[in-house]
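Notes for the one structure printed next.
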Amino acid sequence: MGSGRREMLEWLKDEASGVVSKWGRERIQTSIWRNPLVAVASADDPLFSRLRTVAAPDHAMPPDLLPGAQSVLAFFIPFTRRLGQENDREPTFAARSWAEAYVLTNQLIQAVNEQLSAAIQERGFEAAITPATHNFDEERLVSGWSHKHVGFIAGLGTFGSHHWLITEAGCCGRLGSLVTTMPLPPTPRPDVEYCLLKAGKSCGGCIKKCRYDALFPDHFDRQACYRQCLANDAHYMDLPLVDVCGKCGCEVPCSYGIPRIAQSLVKEQGTEVYTG
Ligand code: SF4
Ligand code: SF4
């Protein structure tokens, strides 16, 4: 893989960071976001075809979104700890700041996508943007394009027991992705489980945080989870659609970085570690 492709990827990472920090400065007084992570999957990665088994039988493949697709860019915009703490402190519903962050981050994801797409087109390639959210089947609650699974394939992180993706910057944040004809170097996937429970260590912090009968040691009740998300939406009638909850991902060992014990299993050092 040529150094030109690696340079191109670094340039795209800078473009994504630039949008997030600009929004942080201009849109709100105190930023609710940290620096985004960006990773790449080859469009012909064999794991994409497995999504129709593990995610949704009608999950799109990269060429469905963009004929001639070469790469899939996945990005994660981590939230600040302050936001996670505020959501954790609210006893029943999601915190207002969490609900507002959801709305604003959907717009930010679109802005990052548009910036990346423009940068890619500037270099003579094509890009297809995928919506930040609400591209799912409301009965089956599965997505036709799962950013979470795409993020996993692209090497952004590993799945936690709470079914979120745990990245180097934790799980507390939002994911986006786009498909492009630009050839880019794929990111290696982590070779260890970041989730403590999945790594055979003791934890279950996320399970304790769920007070809505949705998350258990041995199963996840997707419908119960969605009911709580809709309860939050009803609670914040004055906001646009905010069908979110997030309690299981806030103030747990994997919220803002790879848990310390899992970090010791990671061969490549230099990643962010949550020490709280
Ligand atoms: S809180 Fe613990 S068990 Fe739950 S996903 Fe995070 S590391 Fe895994
Ligand atoms: S998002 Fe809320 S309802 Fe769903 S599993 Fe997490 S804590 Fe439970």
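The values are calculated or read from the model by the stated rules, or taken from the named source; none is laboratory data. Owing to the predicted nature of the structure, the values given are computational and were not obtained by experimental measurement. We place every Cβ from the backbone using ideal geometry, glycine too, and count neighbours over all the protein chains shown. Note: areas computed on protein heavy atoms with side chains; ligands, DNA, RNA excluded. Shrake-Rupley method; radii C 1.70, N 1.55, O 1.52, S 1.80 Å.
Working carefully through the options Lys267, Lys201, find the one that is more than 21 Å from Gly84 (Cα to Cα), in contact with a helix residue (DSSP H, G or I) (Cβ under 6 Å, 6 or more places away or on another chain) and modelled with pLDDT under 95. Quick ask: steps written out before the conclusion?
Details: Lys267 fails: in contact with a helix residue (DSSP H, G or I) (Cβ under 6 Å, 6 or more places away or on another chain).
Within the list Lys267, Lys201, the selection yields Lys201.
Taking region 150-169 only, how many residues are touching a Pro at 6+ places or on another chain (Cβ under 6 Å) and either surrounded by fewer than 24 Cβ atoms within 10 Å (Cβ to Cβ) or part of a strand (DSSP E or B) (or both)?
Residues flagged as touching a Pro at 6+ places or on another chain (Cβ under 6 Å) and either surrounded by fewer than 24 Cβ atoms within 10 Å (Cβ to Cβ) or part of a strand (DSSP E or B) (or both) within region 150-169 amount to 2.
Quick check: anything in region 32-44 over 19 Å from Gly68 (Cβ atoms) and at pLDDT below 90? First the steps, then the outcome.
Step one: list which residues in region 32-44 are over 19 Å from Gly68 (Cβ atoms), which gives 32-39.
Filter once more, keeping what is at pLDDT below 90: none.
Checking region 32-44: not a single residue is over 19 Å from Gly68 (Cβ atoms) and at pLDDT below 90.
Which count do you get for residues in region 170-208 that are open to solvent by less than 50 Å² (accessible area, probe 1.4 Å) and within 18 Å of Met8 (Cβ to Cβ)?
Qualifying residue count, region 170-208: 10.
In region 213-221, is there at least one residue being under 22 Å from Val112 (Cβ atoms) and at pLDDT below 95?
The first filter runs over region 213-221 and keeps only residues under 22 Å from Val112 (Cβ atoms), leaving none.
No, that holds for no residue.
Among the candidates Ala60, Ala69, single out the residue that is touching a Phe, Trp or Tyr at 6+ places or on another chain (Cβ under 7 Å), more than 23 Å from Thr167 (Cα to Cα) and either part of a loop (DSSP other than H, G, I, E, B) or without any contact (Cβ under 8 Å) to a residue 24 or more places away in the chain (or both). Before the answer, list the steps.
Numbers: Ala69 fails: touching a Phe, Trp or Tyr at 6+ places or on another chain (Cβ under 7 Å).
After ruling out the rest, the residue left standing is Ala60.
Which ones in region 106-119 are over 15 Å from the mean Cα position of the chain (by Cα) and touching a residue at least 12 places away in the same chain (Cβ under 8 Å)? Before you say what the answer is, go through the steps one by one.
If we filter region 106-119 for residues that are over 15 Å from the mean Cα position of the chain (by Cα), which is where we start, we get 111, 114-119.
The answer is Ala111, Glu114, Gln115, Leu116, Ser117, Ala119.
Would you be able to say whether some residue in region 90-105 is free of Cβ contacts under 8 Å to residues at least 60 places away in the same chain and over 15 Å from Asn232 (Cβ atoms)?
No: zero hits.
Which of the residues belonging to region 233-256 are touching a residue at least 60 places away in the same chain (Cβ under 8 Å), under 28 Å from Glu168 (Cβ atoms) and not hydrophobic (A, V, I, L, M, F, W, C)?
Of everything in region 233-256, those that are touching a residue at least 60 places away in the same chain (Cβ under 8 Å), under 28 Å from Glu168 (Cβ atoms) and not hydrophobic (A, V, I, L, M, F, W, C) turn out to be Gly246, Lys247, Gly249, Glu251, Ser255, Tyr256.
Based on this model, can you work out whether Gly246 counts as within 13 Å of ligand 1 (Cβ to nearest atom) and within 17 Å of Phe93 (Cβ to Cβ)?
yes
For region 9-46, give me each residue that is open to solvent by 40 Å² or more (accessible area, probe 1.4 Å) and either part of a helix (DSSP H, G or I) or among the aromatic types (Phe, Trp, Tyr) (or both).
Glu10, Trp11, Lys13, Asp14, Glu15, Ser21, Lys22, Arg25, Glu26, Arg27 - these are the residues of region 9-46 that are open to solvent by 40 Å² or more (accessible area, probe 1.4 Å) and either part of a helix (DSSP H, G or I) or among the aromatic types (Phe, Trp, Tyr) (or both).
Taking region 191-232, which residues are within 13 Å of ligand 1 (Cβ to nearest atom) and not in a loop (DSSP other than H, G, I, E, B)?
Gly205, Cys206, Ile207, Lys208, Lys209, Leu215, Phe220
Show the residue pairs that are 6+ apart or on different chains and have beta-carbon atoms under 7 Å apart, the first residue being within region 194-219 and within 11 Å of ligand 2 (Cβ to nearest atom), the second being open to solvent by less than 70 Å² (accessible area, probe 1.4 Å) and of a type in the set (S, T, N, Q).
Cys206/Ser161; Ile207/Ser161; Tyr212/Gln228; Ala214/Gln228
Hey, can you tell me all the residues within region 1-29 that are modelled with pLDDT of 85 or more and among the acidic types (Asp, Glu)? Please lay out each step first, then the result.
Step one: of region 1-29, the residues modelled with pLDDT of 85 or more are 4-23.
Selection gives Glu7, Glu10, Asp14, Glu15.
Of everything in region 72-95 that's more than 24 Å from Thr167 (Cα to Cα) and out of contact with any helix residue (DSSP H, G or I) (no Cβ under 6 Å at 6 or more places or on another chain), which residue is surrounded by the most Cβ atoms within 10 Å (Cβ to Cβ)? Before the answer, list the steps.
Keep residues of region 72-95 that are more than 24 Å from Thr167 (Cα to Cα), which gives 90-93.
Within this subset, residues satisfying the condition of being out of contact with any helix residue (DSSP H, G or I) (no Cβ under 6 Å at 6 or more places or on another chain) are 90-92.
On the way: Glu90: 15, Pro91: 7, Thr92: 11.
Among those that are more than 24 Å from Thr167 (Cα to Cα) and out of contact with any helix residue (DSSP H, G or I) (no Cβ under 6 Å at 6 or more places or on another chain), it is Glu90.
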